[in-house]
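Beneath this line is the structure, given in C-alpha cells, with notes to follow.
The values are calculated or read from the model by the stated rules, or taken from the named source; none is laboratory data. The shown structure was predicted, so the numbers you read here are calculated from the model rather than taken from an experiment. Using ideal geometry, Cβ is built from the backbone for each residue, glycine included, and neighbour counts are taken over all protein chains shown.
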Amino acid sequence: MTSSKTSSTRPSKTIPNWIIFALIAVSVVGLADSSYLTAKHYLGSPINCSIFNGCEAVTASPYSVVLGVPVALWGVSYYFFFLLLAILYVDSKNEKTLEFTARFSIVGIVASAWFLFLQIFIIKALCLYCLISAVSSTTLFILGLTVLKRKNVSFLQNNLRDYFRIF
Amino acid sequence: MEERQITKRERRELKRQEKLEQQENGAKSRLIKRFLLWALVLAGTAGLIFGMVKLGGSEPEQSAILINAVSPSDWTKGNKEAKVVLVEYSDFQCPACAYYQPLFKKLSEEFGDKITFAYRHFPLRQHQNARLAAYAAEAAGRQNKFWEMHDLIFENQNRWENRGDAENIFTGYARTLGLDIDEFKNGLSSKEIKDKVENDYQSGIRSNVNATPTVFLNGEKIKVPPNYDELQNIINEALKNNS
C-alpha cells in the first residue's frame, strides 16, 4: 500500500474496451455510409428531384467536390484511416497511437460542421447520408475526447511534433 | 550419484528447452493472431466497400412507359413529325431540371427538325413556387413566349425559388419579354392554365413518373446522362435506329 508510487505520478488509466469497440464500430458505419455516397456519385442514377426523397441538391451541388475529389471520397479516406488507426492500437496497444487517433477525430468534426453549415445556409437542403456521416464523426470526436479525458492528457500539445506522434 | 546428477542436469536442460519452445510458440501464435487481425480488417473493409458500391451504384431503376403521346396541347420544339420524340416531365424549381435545361436547349438547337422535344409540367409538392412558375410559363405561352419564359425561369431559379413574392419576379420576366402584363396576370390565375398543369402532372403519375426530370425517348423512360456528349450519343443512336 505504502509503496504505491503510481498515485504520485500521472495515473495512466486503461481505456475500457467498449470505447475502442465503439471507435471501430462508428468508423465502420462512417466508412459504409461514405462508400455508398461515393458509389452514388460515380455510378448512381443521374441527379434528380423525387416525389419521395426530395432533391439530391446536396450531392449534386458544386460543394460536393473538393480539390477535384468528391467529398464522399474524402469521407471514405477519413473513416478508413481512422479505422486503421484504431486497429493499429488494438494490435500494438501503444498509448501514443490511441492519443493520436483521439486527436485526429477533430478533422472529422470540423469537416462535418462546415458541410452542415453549407447544407443549412447555402444549399438550403439536407442530405440524409451526409447527416449520418456528421453524426458518425461527432460520435468519434466525443469518444476521442473521452479517451483523452480518461487518460488525463490534454487535447493540446506543447510541441507541434507531438500532435503527429503515432508511436 | 552421477546418474542422478546427470538426470538433474538433463531435467534442467529439458525444462529450459521447454520454456524456450513455449516462448517461441507464444511469439508464433501472437504473430498469427496479428496477421489474422489485419487480414480480417482488410478483408472486412474490402467486403464492406464492395457491398456499398454495389448498393449505391445499382439504384433500382423503375421502368416507365409514356402513356400520353405528344399532343397539340403540349409545348414542343422541333418538328412534330420527327421520328425521335423526347418528352420531359420537369419542375421549374428542381435544381436538377435547371441543371439539364441548357443541355436540352443545346440538343434542340443542334438537332433542330430531326427531333421533337416536348415539355410537360411535373411540379413536386415540396417546391412551394413550382406550380406558380409553371403557371407563369403557361401564361407567357398564351402570348407565344413559352420557351422564352421557360428559359428565364430556369436560368434564374435561385433568385425566386425561396421567395414569397415569386409572382412579382415572374411578372418582371414577363415585362422583360415585352408581354402584355394584364393578360399575363390573368393567365396566372386562370383556371384553364391551372387545369393544364394539373393534367400534365396527372399524366406523369399515370406514366409512373416519380422524379424530375424524367425523360421519355419515343415513349420509353431513359436515364439522362449528366453531360451533353452522352446525351448527344443517345439521340444519334435513336436517329440511326429510326431512320
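Consider B:E18 carefully, then state whether it is farther than 25 Å from B:N233 by Cβ and acidic (D, E). If you could, list the steps in order and put the result at the bottom.
Details: farther than 25 Å from B:N233 by Cβ: yes; acidic (D, E): yes.
So B:E18 fits the description; yes.
Apart from one condition, A:A113 fits all of (1) small (G, A, S); (2) under 15 Å from A:G75 (Cα atoms); (3) crowded, with 16+ Cβ neighbours inside 10 Å; the exception is (3). The sole residue among B:A82, B:A64 that is touching a Ser or Thr at 6+ places or on another chain (Cβ under 8 Å) and without any contact (Cβ under 8 Å) to a residue 40 or more places away in the chain is B:A82.
Reported count of residues in the stretch B:203-227, each being of a type in the set (V, I, T) and free of Cβ contacts under 8 Å to residues at least 60 places away in the same chain, is 2. Suppose the filter is surrounded by fewer than 17 Cβ atoms within 10 Å (Cβ to Cβ) and assigned to a helix (DSSP H, G or I); does B:F35 pass it? So B:F35 fits the description; yes.
Scanning the stretch B:178-215 for residues that are part of a loop (DSSP other than H, G, I, E, B) and surrounded by 14 or more Cβ atoms within 10 Å (Cβ to Cβ) turns up B:L179, B:S190, B:S207, B:N208, B:V209, B:N210, B:P213. Test of understanding: among A:L145, A:L131, A:L118, A:L98, which residue is of a type in the set (A, V, I, L, M), closer than 30 Å to A:C49 by Cα, more than 14 Å from chain B (Cβ to nearest Cβ) and touching a residue at least 40 places away in the same chain (Cβ under 8 Å)? From the options A:L145, A:L131, A:L118, A:L98, the qualifying one is A:L118.
Take the stretch B:162-177 and flag every residue that is in a helix (DSSP H, G or I) and within 14 Å of another protein chain (Cβ to nearest Cβ). Talk me through it step by step, then tell me what you get.
Within the stretch B:162-177, the first condition is being in a helix (DSSP H, G or I), and the residues that meet it are B:166-176.
Within the stretch B:162-177, none qualify.
Exactly one residue out of B:K221, B:K196 is basic (K, R) and within 14 Å of chain A (Cβ to nearest Cβ), and it is B:K221.
Tell me, yes or no, whether the stretch A:120-130 has at least one residue that is among the basic types (K, R) and at pLDDT below 80. Explain how you work it out, then say what you get.
Here is the first cut: in the stretch A:120-130, the residues among the basic types (K, R) are A:124.
Restricting the remaining residues to those that are at pLDDT below 80 gives A:124.
Yes: the stretch A:120-130 contains one or more residues that are among the basic types (K, R) and at pLDDT below 80.
For the stretch A:125-163, the candidate set comprises residues that are of a type in the set (K, R) and surrounded by 14 or more Cβ atoms within 10 Å (Cβ to Cβ); within that set, the residue that is nearest to B:Q126 (Cα to Cα) is A:R150. Considering the stretch B:224-243, the residues that are in a loop (DSSP other than H, G, I, E, B) and within 14 Å of chain A (Cβ to nearest Cβ) include one that is farthest from B:Q126 (Cα to Cα), namely B:N227.
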